[in-house]
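**Q** Can you read through this structure? Questions will come right after.
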Amino acid sequence: MSTSLLVTKMKAYADSIGFECSIEAKPSAFVSKKKPEVDVILIGPQIRHQLKSIKLSVDPIPVEAIDMVAYGMMDGKKVIERVIELTSS
């Protein structure tokens, strides 16, 4: 449920700044299946222990764990700003 709320807040912020993106929350088992369709993969802090294996399975797509504070505060703005940084480099 908390992930759904964060996704909603991320979409709202992205819309407010005109940042076109598609945001989906999926179980980690779907990550490699989504590889051809994504520019960035963010994982919830609760599964950050899987970060290394996820990175290996989708290389060269950037993969990052969502900042724990941003996740806890449901700070969609901070998460989208990080996505913008990752896609700009």
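The values are calculated or read from the model by the stated rules, or taken from the named source; none is laboratory data. Small disclaimer: the values here were computed from a predicted structure and weren't measured. Cβ: placed from backbone, ideal geometry, glycine included. Neighbour counts: every protein chain shown. Remember, those area values only see protein heavy atoms, side chains included, never the ligands or the DNA or RNA. Shrake-Rupley method; radii C 1.70, N 1.55, O 1.52, S 1.80 Å.
**Q** How do the pairs read when you match residues in region 12-38 that are within 16 Å of Ser53 (Cα to Cα) with residues anywhere that are modelled with pLDDT under 95 and open to solvent by 70 Å² or more (accessible area, probe 1.4 Å), using Cβ under 7 Å and keeping only pairs 6 or more apart or on different chains?
**A** From residues that are within 16 Å of Ser53 (Cα to Cα), the pairs are Lys34/Lys26.
**Q** On to the next question. Please identify the pairs in which a residue from region 51-75 that is part of a strand (DSSP E or B) has its Cβ atom under 8 Å from the Cβ atom of a residue that is open to solvent by 70 Å² or more (accessible area, probe 1.4 Å), counting only partners at least 6 apart or on another chain.
**A** Within 8 Å, the pairs are Val63/Lys55; Glu64/Arg82; Ala65/Arg48.
**Q** Suppose we filter region 39-73 for residues that are touching a Ser or Thr at 6+ places or on another chain (Cβ under 7 Å), over 15 Å from Pro27 (Cβ atoms) and open to solvent by less than 50 Å² (accessible area, probe 1.4 Å); how many remain?
**A** 1
**Q** Could you please let me know if Val31 is in contact with a strand residue (DSSP E or B) (Cβ under 9 Å, 6 or more places away or on another chain) and among the β-branched types (Val, Ile, Thr)?
**A** When the stated conditions are applied, Val31 passes them.
**Q** Identify the residue in region 1-35 that is assigned to a loop (DSSP other than H, G, I, E, B), touching a helix residue (DSSP H, G or I) at 6+ places or on another chain (Cβ under 9 Å) and aliphatic (A, V, I, L, M) and, among all such residues, is modelled with the lowest pLDDT.
**A** Taking region 1-35 first, the residues assigned to a loop (DSSP other than H, G, I, E, B) are 1, 18-27.
Of the ones still in play, those that are also touching a helix residue (DSSP H, G or I) at 6+ places or on another chain (Cβ under 9 Å) are 19-26.
Subsequent filtering for residues that are aliphatic (A, V, I, L, M) retains 23, 25.
On the way: Ile23: 95, Ala25: 91.
Looking at the filtered set, the residue picked out is Ala25.
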